[in-house]
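K.L.:
For reference, the structure I am asking about is given below.
The values are calculated or read from the model by the stated rules, or taken from the named source; none is laboratory data. Only a predicted model underlies this, so the values are computations on that prediction, with no experimental measurement involved. Cβ atoms come from the backbone with ideal geometry, glycine included; neighbour counts cover every protein chain shown. Each accessible area value is taken on the protein alone, full model and side chains, heavy atoms only, with ligands, DNA and RNA left out. Shrake-Rupley method; radii C 1.70, N 1.55, O 1.52, S 1.80 Å.
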Amino acid sequence: MKRNLLAAVAIIAGILLIILPGCKTIPKGVKAVKPFDPAKYMGRWYEIARMDFRFERNLEQVTATYTLQENGIIRVDNRGYDTVQRKWKQSIGRAKASGTLDEGKLKVSFFGPFYAGYNVIAIDPDYQYALIAGKNRKYLWLLSRQKTVPEEIRESYLRLASQYGYNTKLLVWPTQ
């Protein structure tokens with residue numbers, strides 16, 4: 001009995017040692033915006049650019065709609081048209097603050113209890129354009145309230161991303 005308990009504790013400790021280092025929510029050296037107003041961030045955003053990864057591969061006309069729930073959790077509704085399968089895809093998730101409520105440091109989950117970093121690292125004063133970083137430098141999004149972004153905003157955000165160590169040449173620019 002004691003041996004089984006010790007084995008179980010060792011297994012759980014080993015799993016935690018593997019999982020916990022991966023729980024970071026923002027890349028080293030990258031800063032989330034502060035102050036951040038979650039209420040102003042709610043609503044629909046158009047994906048202007050992204051680092052490509054398997055969950056969004058082949059998607060065009062991508063939008064993300066954020067809705068603040070009564071319990072403080074943010075409902076995340078991502079949609080996009082898969083140009084290969086020729087159908088709309090939707091993914092519903094939830095987000096919550098990862099730091100203080102006035103900081104653009106969130107974590108988002110689309111798969112049960114597993115959360116990933118979602119960090120607003122640049123946003124204009126009117127909350128019309130945002131640059132979002134994931135948990136590492138493989139995840140980056142440029143979002144807009146409109147289907148386009150003015151050239152000066154785009155260049156400014158790309159410069160910031162480069163300064164933070166992102167390879168902006170890897171960005172995918174989906175059509176809206």
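K.L.:
Being part of a strand (DSSP E or B), open to solvent by 20 Å² or more (accessible area, probe 1.4 Å) and within 14 Å of residue 73 (Cβ to Cβ) is the filter here, so list the residues in the range 109-121 that pass it. Walk me through how you get there before you give the answer.
P.N.:
If we filter the range 109-121 for residues that are part of a strand (DSSP E or B), which is where we start, we get 109-111, 114-121.
Those still in the list that are open to solvent by 20 Å² or more (accessible area, probe 1.4 Å) too: 110-111, 114-116, 118.
Of everything in the range 109-121, those that are part of a strand (DSSP E or B), open to solvent by 20 Å² or more (accessible area, probe 1.4 Å) and within 14 Å of residue 73 (Cβ to Cβ) turn out to be 110, 115, 118.
K.L.:
For the range 144-176, which positions are assigned to a loop (DSSP other than H, G, I, E, B) and not basic (Lys, Arg)? Give the steps one after another, and end with the answer.
P.N.:
Our first condition is that a residue be assigned to a loop (DSSP other than H, G, I, E, B); within the range 144-176, this holds for 145-150, 164-167, 173-176.
Once the filter is applied, which keeps residues that are assigned to a loop (DSSP other than H, G, I, E, B) and not basic (Lys, Arg), the range 144-176 yields 146, 148, 149, 150, 164, 165, 166, 167, 173, 174, 175, 176.
K.L.:
Just the residues that are of a type outside the set (A, V, I, L, M, F, W, C) and open to solvent by 60 Å² or more (accessible area, probe 1.4 Å), please, taken from the range 38-51. Please lay out each step first, then the result.
P.N.:
To start, the set of residues in the range 38-51 that are of a type outside the set (A, V, I, L, M, F, W, C) comprises 38, 40-41, 43-44, 46-47, 50.
Passing the criteria: 40, 44.
K.L.:
Return the pairs, sorted by first residue and then second, in which the second residue is among the small types (Gly, Ala, Ser) and crowded, with 18+ Cβ neighbours inside 10 Å, the first residue lies in the range 59-72 and is in contact (Cβ under 8 Å) with a residue 24 or more places away in the chain, the beta carbons are less than 8 Å apart, and the residues are 6+ apart or on different chains.
P.N.:
Qualifying pairs under 8 Å: 59/80; 60/80; 61/80; 62/80; 66/95.
K.L.:
Check the range 145-161 and report whether any residue there is under 15 Å from residue 41 (Cβ atoms) and surrounded by 12 or more Cβ atoms within 10 Å (Cβ to Cβ).
P.N.:
If we filter the range 145-161 for residues that are under 15 Å from residue 41 (Cβ atoms), which is where we start, we get 145.
From what is left, the residues that are surrounded by 12 or more Cβ atoms within 10 Å (Cβ to Cβ) are 145.
Checked against the condition, which is being under 15 Å from residue 41 (Cβ atoms) and surrounded by 12 or more Cβ atoms within 10 Å (Cβ to Cβ), the range 145-161 yields at least one hit.
K.L.:
Same structure again: So how many residues does the range 96-106 have that are open to solvent by 60 Å² or more (accessible area, probe 1.4 Å) and either of a type in the set (Ser, Thr, Tyr) or within 11 Å of the chain's Cα centre (by Cα) (or both)?
P.N.:
Looking only at the range 96-106, we keep the residues that are open to solvent by 60 Å² or more (accessible area, probe 1.4 Å), and these are 96, 100-102.
If we keep only those that are either of a type in the set (Ser, Thr, Tyr) or within 11 Å of the chain's Cα centre (by Cα) (or both) too, we end up with 100.
Total satisfying the criteria: 1.
K.L.:
Another one. Looking at (1) acidic (Asp, Glu); (2) open to solvent by 50 Å² or more (accessible area, probe 1.4 Å); (3) under 16 Å from residue 38 (Cα atoms), which is the one condition that is false for residue 124?
P.N.:
Among (1) acidic (Asp, Glu); (2) open to solvent by 50 Å² or more (accessible area, probe 1.4 Å); (3) under 16 Å from residue 38 (Cα atoms), residue 124 violates only (2).
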